[in-house]
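Here's the structure, in structure tokens; my notes come after.
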Amino acid sequence: MCYDVNINGGTQSIMYNPKSAKAEEFISHEEILDTLEWADKNKNNEELINKVLDKARLRKGLDHREASLLLACEIEPKNQELYALAREIKEDYYGNRIVLFAPLYLSNYCVNGCIYCPYHKKNTHIPRKKMTQEEIRREVIALQDMGHKRLAIEAGEDPVNNPIEYILESIKTIYETKHKNGSIRRINVNIAATTVENYRRLKEAQIGTYVLFQETYHKESYERLHPTGPKHNYAYHTEAMDRAMQGGIDDVSLGVLFGLERYKYEFAGLLMHAEHLEAVYGVGPHAISVPRIKKADDIDPSAFENGIDDDTFAKIVACIRVSTPYTGMIISTRESQKSRERVLELGVSQISGGSRTSVGGYTEQVYEEDTAQFDISDRRSLDEVVAWLLKLGHIPSFCTACYSSHRTGESFMAVCKNEQIHNFCTPNGLMTLKEYLLDYASPETKKLGFEAIDRELKKFPEGAMKDALLKNLDLISSGGRNYKF
Ligand code: SAM
């Protein structure tokens with residue numbers, strides 16, 4: 001499809017087609033530039049901004065142009081309306097639940113040359129480490145003993161050291177490891193872009209979400225930031241989610257690494273990517289991550305000139321929330337407690353807790369920085385994170401039910417778009433919180449948690465669902481585990 005757009009005062013014909021299979025057409029550089037120019041021109045156009053805010057209030061989402069206008073908006077009272085709406089939408093779709101997970105780094109062998117990542121191939125002084133299956137088992141037991149039920153596995157790209165067979169074997173080990181009442185019920189996978197066949201194998205291994213950060217949607221910058229290795233190929237990387245969908249993975253998670261390129265460019269690209277998936281597969285991304293570049297071994301974030309401050313970060317989160325209301329949003333321990341607190345209420349629905357970003361980091365007694373992928377800002381234990389969430393009025397959830405009840409992809413989105421997700425998520429959240437409190441929590445967290453469960457039960461509508469929930473909560477007290485709706 002060809003569109004005529006006005007770029008820098010002149011008319012230009014561009015290829016932009018959300019349904020195209022080609023990266024350069026569904027993430028059209030010219031369309032992004034035109035969007036940014038239009039948004040900048042209208043950043044004080046109150047009438048237009050009101051129209052977009054009214055559309056966002058319908059909770060059906062916004063396209064990349066409308067969303068970019070809100071991001072550019074310079075009228076302060078309108079920005080306050082945006083934040084208020086983001087809070088409301090968060091409450092409508094996710095209530096006060098926050099899902100918890102932990103990353104598990106399997107191997108830091110990597111053949112790529114990513115400029116921002118300490119695992120880059122030229123870094124010869126970090127110790128390279130790939131866990132054996134026995135080491136993975138020990139790490140998983142340590143994670144289970146903390147209370148985790150959901151992991152995101154991470155690995156560098158290295159066809160010799162970390163082939164797909166290694167990843168598949170590790171997934172099997174993780175699911176099979178059971179210690180006391182612990183079990184990992186959902187494994188999300190963050191590995192490099194791969195083939196349709198490999199995605200099919202990951203699906204067969206029963207992964208939850210496939211996660212791949214785009215890093216940057218700006219092709220020229222992408223190629224400069226990934227000078228060597230298979231990740232250099234922009235189209236192959238950008239079209240990975242299409243191959244994942246073709247391989248049968250219908251839950252995919254997008255993200256950019258904020259700081260590498262201008263944030264407004266990335267934001268428009270991110271929404272275009274979501275629009276593309278929706279247009280072609282009828283299902284948008286299951287989640288969006290918003291990582292910011294961090295200090296790491298030989299990486300200095302100040303060397304990247306596009307870093308964003310906390311206010312901009314919060315605005316990005318709010319704009320994503322109102323533009324894709326039904327998409328989960330994830331932040332990691334890259335963010336400090338303060339920054340996490342602020343964005344939790346603006347739309348974030350999933351956070352990591354008690355994380356280690358080094359290979360083998362959960363069984364080592366001290367922080368082992370030398371194999372870490374990035375420095376952690378939030379170093380609290382999972383128990384401390386759970387207590388903190390409870391004190392802020394959130395319900396920490398260890399729920400993995402959607403995945404095990406096959407509410408994924410289109411069927412998940414259908415439930416979500418009708419806001420029915422509450423019917424499942426609140427009871428599942430409360431049941432998994434109770435499991436956590438009984439099995440792993442400190443006395444203080446236990447007290448806070450049981451008070452929160454009581455409060456939620458008082459608000460819960462009377463009826464068959466509540467009766468079933470109360471019955472299951474009783475069964476959990478008597479030792480039963482893993483009930484779900
Ligand atoms: N090797 C896989 C790939 O290429 O997509 C998995 C990536 S890595 C284990 C997970 C993510 O960490 C990367 O996609 C990148 O966005 C992020 N990352 C790398 N270096 C970082 C840094 N210095 N600060 C923050 N995040 C970083």
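Over the range 119-209, Cα pairs under 8 Å with separation of 6+ residues give a relative contact order of 34 percent. Over the range 152-201, the Kirkwood radius and the radius of gyration, each from Cα atoms, give a ratio Rg/Rh of 1.01.
Please list, by residue number, every one of the GluC sites (Glu not before Pro) in the range 269-335 that is coil in DSSP and has at most 14 other beta-carbon atoms within 10 Å. For GluC sites (Glu not before Pro) across the range 269-335 that sit outside H, G, I, E and B with at most 14 neighbouring Cβ atoms in 10 Å, the list reads Glu305.
Cross-link partners of Lys90 among aspartates and glutamates, defined as those whose alpha carbon lies under 18 angstrom from its own and excluding same-chain residues fewer than eight positions apart: Asp54, Glu81, Glu341, Glu345, Glu419, Glu456. Taking the accessible area of the chain, probe 1.4 Å, and keeping the other protein chains in place, the carbon and sulfur fraction comes to 51%. Here Lys295 is the anchor, and the aspartates and glutamates within straight C-alpha reach of less than 19 Å, apart from those fewer than 8 places off in the same chain, are Glu154, Glu215, Glu261, Glu305, Asp309, Asp310, Glu335, Glu368, Glu369, Asp370, Asp375, Asp378. For the chain, the equivalent ellipsoid derived from the Cα gyration tensor has semi-axes of 34, 29, 21 Å, listed largest first. Contact order for the chain, expressed relative to its length and based on alpha carbon pairs under 8 Å spaced 6+ residues apart, stands at 18 percent.
Tell me, what is the percent relative contact order of the range 34-116, built from C-alpha pairs under 8 Å that lie six or more residues apart? Rounded, it is 29 percent for the range 34-116. Each other residue within a Cβ distance under 10 Å of Val283 adds +1 if Lys or Arg and -1 if Asp or Glu, for a net charge of -4. With 23 Å as the limit, the listed pairs Lys129/Lys231; Lys60/Lys219; Lys219/Lys315 have Lys60/Lys219; Lys219/Lys315 beyond it between alpha carbons.
Pairwise Cα distances in the range 179-262 exceed 16 Å in 55 percent of cases. Measuring between their Cα centroids, the range 296-362 and the range 203-239 lie 19 Å from each other.
Cross-link partners of Lys130 among lysines, defined as those whose alpha carbon lies under 19 angstrom from its own and excluding same-chain residues fewer than eight positions apart: Lys121, Lys122, Lys172.
For the residues Asp310, Asp251, a 1.4 Å probe over the protein chains yields an accessible-area ranking, largest first, of Asp310, Asp251. Accessible surface area normalised per residue over the range 18-73 is 46 Å², counting heavy atoms of protein chains with a 1.4 Å rolling probe. Using just its DSSP H runs of length 4 or more, each adding -39500 (n - 2.57), the chain gives a mean residue ellipticity at 222 nm of -14500 deg cm²/dmol after division by all residues.
At the listed q of 0.25, 0.32 Å⁻¹, the Debye profile of the range 432-485, built from one uniform point per Cα, gives log10 I(q)/I(0) equal to -1.07, -1.30. Applying the Karplus relation 6.51 cos²θ - 1.76 cosθ + 1.60 with θ = phi - 60° to the range 464-474 yields 3J(HN,Hα) values of 4, 5, 5, 4, 5, 4, 4, 4, 5, 4, 5 Hz, where x marks Gly and Pro. The residues of the range 159-254 expose, per residue, 38 Å² of accessible area to a 1.4 Å probe.
From the Cα gyration tensor of the range 213-269, with a ≥ b ≥ c the square roots of its eigenvalues, which class applies: rounded if a/c is under 1.5, or else prolate if a/b is larger than b/c, or else oblate? Cα axes put the range 213-269 in the oblate bin. The distance separating the Cα centre of the range 116-195 from that of the range 17-90 comes to 37 Å.
The values are calculated or read from the model by the stated rules, or taken from the named source; none is laboratory data. Quick caveat: nothing in here was measured; it's all calculated off a predicted structure. All Cβ positions, even for glycine, are placed from backbone atoms using ideal geometry, and neighbour counts span all protein chains on display. In case anyone asks, the SASA skips ligands and DNA or RNA and just uses the protein heavy atoms, side chains included. Shrake-Rupley method; radii C 1.70, N 1.55, O 1.52, S 1.80 Å.
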